[in-house]
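These notes concern the structure reproduced below.
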Amino acid sequence: MTVATQFTRIPHPAPATEQARADILAAPGFGKYMTDHMVSIDYTVDGGWTDATVAPYGSIALDPSAMVLHYGQSIFEGLKAYRQPGGGIASFRIDANARRLQNSARRLAMPELPVELFIQSIVELVDADNEWVPKAGGEDALYVRPFMFATEPGLGVRPANSYRYLVIASPAGAYFPRGVKPVSVWLSTEYVRAAPGGTGAAKFAGNYAASLVAQAQAAEKGCDQVVWLDAIERKYVEEMGGMNLFFVFGSGPDARLVTPSLSGSLLPGITRESLLTLAADAGFAVEERKISTEEWQKKAKSGEITEVFACGTAAVITPVGSVKSAAGDFTIADGEPGEVTMALRDTLTGIQRGTFADIHGWMTKL
Ligand code: PMP
């Protein structure tokens with residue numbers, strides 16, 4: 001039997017005023033404003049997980065030789081808490097986020113936070129900051145960011161013996177400020193995000209640091225996002241910035257969905273896995289396989305590929321309208337959001353927001 005960890009609650013001495021909170025919730029943007037509290041749990045090899053607290057959000061002190069600052073042991077997760085129409089707050093597939101943090105930890109030689117403690121930490125934070133969860137019925141939700149990093153001081157290169165796990169939260173509106181408008185993407189052949197045997201399947205901070213220069217290049221080319229290709233041949237599509245990709249072949253009830261198989265160097269998205277299930281529920285054929293940029297271009301031009309979309313927790317489902325690469329540019333269909341894309345988006349967001357039946361038992365009351 002698991003005994004729930006006792007969290008010490010230290011209320012914020014000066015929480016945001018009701019007016020300040022209302023102003024932020026009226027236009028939260030993405031990742032700009034943090035709630036009043038944060039969860040903190042320490043880990044040492046000898047003592048395990050200790051000092052679980054919900055404390056006022058604020059700065060943390062780190063020794064300048066803390067190993068995370070030098071050798072980068074730092075992993076994170078991202079999930080949302082949704083206010084439900086009947087009251088209460090729920091999360092979507094929280095256990096999958098817990099397990100993915102454990103997988104990331106294993107890859108980075110870090111300790112695995114128990115699944116129950118991960119879930120409890122989020123329950124505790126959402127309970128303390130429940131007034132920060134946006135109202136039901138809209139597109140907004142509370143984005144929750146659990147993360148863990150090495151705190152042990154010292155310059156020897158080895159796995160640290162001490163870590164801190166924190167959870168912060170931020171009310172979130174649309175990730176892409178233009179709403180459900182198709183994004184333009186740049187196919188990156190110069191830079192790669194992750195290589196076979198590397199850290200691409202982990203939600204590891206360094207993957208994101210390594211992506212920034214390519215994202216800047218995409219912006220220079222006039223594109224919203226970068227699409228990563230495989231590291232060896234630079235031929236097969238892996239994923240987009242912080243999202244996985246789906247390709248729709250054909251239309252109507254005969255539409256087929258293809259998503260790049262988990263190569264070991266792309267992140268196994270929870271939205272990706274959920275959409276494979278929801279698409280199959282809706283009667284579409286689904287396939288996980290390699291898809292090359294050549295196939296993408298050829299079949300977008302012939303009209304066989306009718307829709308392309310990206311998916312992830314932050315931006316949910318976003319259509320991809322146009323593609324640029326060193327080899328040329330093309331658009332997908334008329335560059336507008338497609339039928340299959342929007343139907344899947346409605347189903348997924350309906351389940352998350354409590355307006356559709358949760359037939360797979362994906363929602364957890366927090
Ligand atoms: N790929 C990358 C690189 C990501 O950072 C994310 C966001 N976690 C995703 C895909 C989508 O994953 P999820 O659906 O679990 O949010």
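Laboratory data are not the source of any read-out in this text; all were calculated from the coordinates shown. What you are looking at is a predicted structure, and each value in this text was computed from that prediction instead of being measured. Neighbour counts run over all protein chains shown; Cβ positions are idealised from the backbone, glycine included.
By the gyration tensor of its Cα atoms, with a ≥ b ≥ c the square roots of the eigenvalues, what is the shape of the range 49-203: rounded for a/c under 1.5, prolate for a/b over b/c, or oblate? If you can, show how the numbers build up before the last one.
Working: a/c = 2.01, a/b = 1.23, b/c = 1.63.
Oblate is the answer for the range 49-203, as a/c is 1.5 or above yet b/c matches or exceeds a/b.
Once fully extended, how much extra length lies between Arg9 and Glu190, figured as 0.36 nm per residue of separation less the alpha-carbon to alpha-carbon distance?
Fully extending the segment from Arg9 to Glu190 adds 60.3 nm.
Which is farthest toward the positive dipole end of the chain among Trp49, Met110, Tyr33, measuring Cα position about the Cα centre, with Cβ charges +1 (Lys, Arg) and -1 (Asp, Glu)?
Met110
From the residues Ala282, Gln19, Tyr236, which one has its Cα farthest along the dipole of the chain in the positive direction, the dipole being from +1 and -1 charges on Cβ of Lys/Arg and Asp/Glu about the Cα centre?
With unit charges placed on the Cβ atoms, the residue in question is Tyr236.
Using Cβ counts within 10 Å as a stand-in for footprinting exposure, how do Phe149, Phe330 rank, fewest first?
Phe330, Phe149
Neighbouring Cβ atoms within 10 Å as the yardstick, rank Leu187, Leu155 fewest first.
Exposure proxy ranking, most exposed first: Leu155, Leu187.
Where the centre of each part is set by its Cα atoms, how far does the range 95-166 sit from the range 263-330, in angstrom?
Here the two parts' Cα centres lie 28 Å apart.
Using Cβ contacts closer than 10 Å as the measure, can you line up Arg158, Arg99, Arg272, Arg345 from fewest to most?
Starting with the residue having the fewest Cβ neighbours, the order is Arg158, Arg99, Arg345, Arg272.
Listed highest first by mean packing, meaning other Cβ atoms within 10 Å per residue, what order do 8-16, 22-30 come in? Intermediate results must be reported in sequence, preceding the final value.
Details: 8-16: 12.7, 22-30: 14.9.
Final packing ranking: 22-30, 8-16.
How would you rank 220-226, 338-344, 282-288, highest first, on the average number of other Cβ atoms within 10 Å across their residues? List each step's numbers first, then the result.
Details: 220-226: 17.9, 338-344: 19.7, 282-288: 14.7.
Ranking the peptides 220-226, 338-344, 282-288 by packing returns 338-344, 220-226, 282-288.
Quote to one decimal, in nm, the extra length available between Lys301 and Arg158 on full extension: 0.36 nm per residue of separation minus the C-alpha distance between them.
Taking 0.36 nm per residue and subtracting the Cα distance, the gain is 46.4 nm.
Counting only residues 5 or more places away or on other chains, whose amide H sits under 5 Å from the amide H of Lys80 once H atoms are built in the peptide plane?
Phe92, Val144
Sort the following peptides by mean Cβ neighbour count (other Cβ atoms within 10 Å, averaged over residues), highest first: 106-113, 240-247.
Top of the packing list down: 240-247, 106-113.
If you place +1 on the Cβ of every Lys and Arg, -1 on the Cβ of every Asp and Glu, and leave all else neutral, what size is the dipole of the range 278-318 about its Cα centre, to the nearest 20 Debye?
Its charge dipole is roughly 160 debye.
Mind running the shape call on the range 114-239? Use the C-alpha gyration tensor, a ≥ b ≥ c as the square roots of the eigenvalues: rounded below 1.5 for a/c, prolate if a/b tops b/c, oblate otherwise.
oblate
Measure nothing fancy, just the Cα-based angle from helix 293-302's long axis to the longest principal axis of the chain, in degrees from 0 to 90, nearest 10.
Taking the Cα atoms of the chain, the angle to 293-302 is about 50 degrees.
Taking amide H positions as placed 1.01 Å from N in the peptide plane, with prolines and chain starts having none, which residues 5 or more places from Trp186, or on another chain, fall under 5 Å of its amide H?
Correct list: Gln225, Val226, Val227, Lys324.
Amide H neighbours of Val316 under 5 Å, counting only residues 5+ apart in sequence or on other chains, H built in-plane at 1.01 Å?
Amide H neighbours of Val316: none.
Would you mind checking the tilt of helix 339-352 against the longest principal axis of the Cα atoms of the chain, expressed as 0 to 90 degrees and rounded to 10?
Between the helix axis and the principal axis of the chain, the angle is about 20 degrees.
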